[in-house]
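The values are calculated or read from the model by the stated rules, or taken from the named source; none is laboratory data. Computed from a prediction, not measured in an experiment: that's the story for all the values here. Every residue, glycine as well, gets a Cβ built from its backbone with ideal geometry; the counts of neighbours run over all protein chains shown. Side chains included, ligands, DNA and RNA excluded: accessible areas come from the protein's heavy atoms. Shrake-Rupley method; radii C 1.70, N 1.55, O 1.52, S 1.80 Å.
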Amino acid sequence: MDSLAALDPKYRAILCDIWGVVHDGGQILPGVQERLLKWKGEGRHIVLLTNAPRPASSVQSYLDRLGLPREAYDAITTSGEAGIAALTDPQRPVGFMGSEADRHDLASHGVTIISSDYAELACTGLNDRYDDAEDYRAILEGLARAGVVMHCLNPDRVVIHLGRREACAGALADIYETMGGHVEWYGKPHRPVYDHARRMAGNPPLDAMLAIGDGLPTDILGAAKYGIDAVYVSHGIHAGEPVPDDFALRHGLGDWKPILTVAGLA
């Protein structure tokens, strides 16, 4: 039986993760387009909720290139948008750590980036030279000694990019905190991004909302803390691992657990 096809009609707003659920960094995953269009046809409101460290417009352009029709969803919201809002109000210069593409995205959306003498840093992930978070320890130690505040625009620790595990900004932020550095986090599992997504879905009651994601410490924990149900996609970053038996206990969630575990949206 296709458990997702029999999804309870009470779920009128679906907050769906993107990377690992909708695509793998290079292609739309099997069955995703059909599933989202089916839910849309049932009158459900689909908000794509992602920890991408860039504006929603950039994410939408990428989905366009991968071939996902805009008719398959209603809106997109990103951790990057929340970070950009914080970094531009009030406007002040900040340092940057991440790819050149992300630097361009932030600058084109009003973030003032400087190369030295900054008190705050926008972190979108690894740069174009080093692909292991451990390679950044010396840089991070210097920033921590200087008391630089890191703004982590992507709380994800890892993604699967075309079958290969890649570290994200969250991995750098974790290291930074162990050094005593101060981190401001944006996106899942933190409440503000869910509030924003809920508004985009028309402010439905919590019991009418459903989150779908493959990240236990982001998608699933965020849904649980927000008080909504979730579907866990096990064949994303956790490579088929089930939700740990002590997940709810470890996070003080009572008897909460995902309503379903599925391999993917197909």
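Numbers at a glance
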read-out	value
Selected residue (criterion: surrounded by the fewest Cβ atoms within 10 Å (Cβ to Cβ)) from residues of the range 50-68 that are assigned to a helix (DSSP H, G or I) and among the polar types (S, T, N, Q)	Ser61
Selected residue [open to solvent by 10 Å² or more (accessible area, probe 1.4 Å), out of contact with any His (no Cβ under 8 Å at 6 or more places or on another chain) and among the small types (Gly, Ala, Ser)] from Ala167, Ala173	Ala167
Search result, residues across the range 192-238 that are among the basic types (Lys, Arg) and under 18 Å from Ile76 (Cα atoms)	Arg198, Arg199
Scan of the range 69-83 for residues that are under 13 Å from His196 (Cβ atoms) and either touching a helix residue (DSSP H, G or I) at 6+ places or on another chain (Cβ under 7 Å) or open to solvent by 20 Å² or more (accessible area, probe 1.4 Å) (or both), ordered by number	Ala75, Ile76, Thr77, Thr78, Ser79, Glu81, Ala82
Members of the range 114-134 that are outside any loop (DSSP other than H, G, I, E, B) and open to solvent by 80 Å² or more (accessible area, probe 1.4 Å)	Glu134
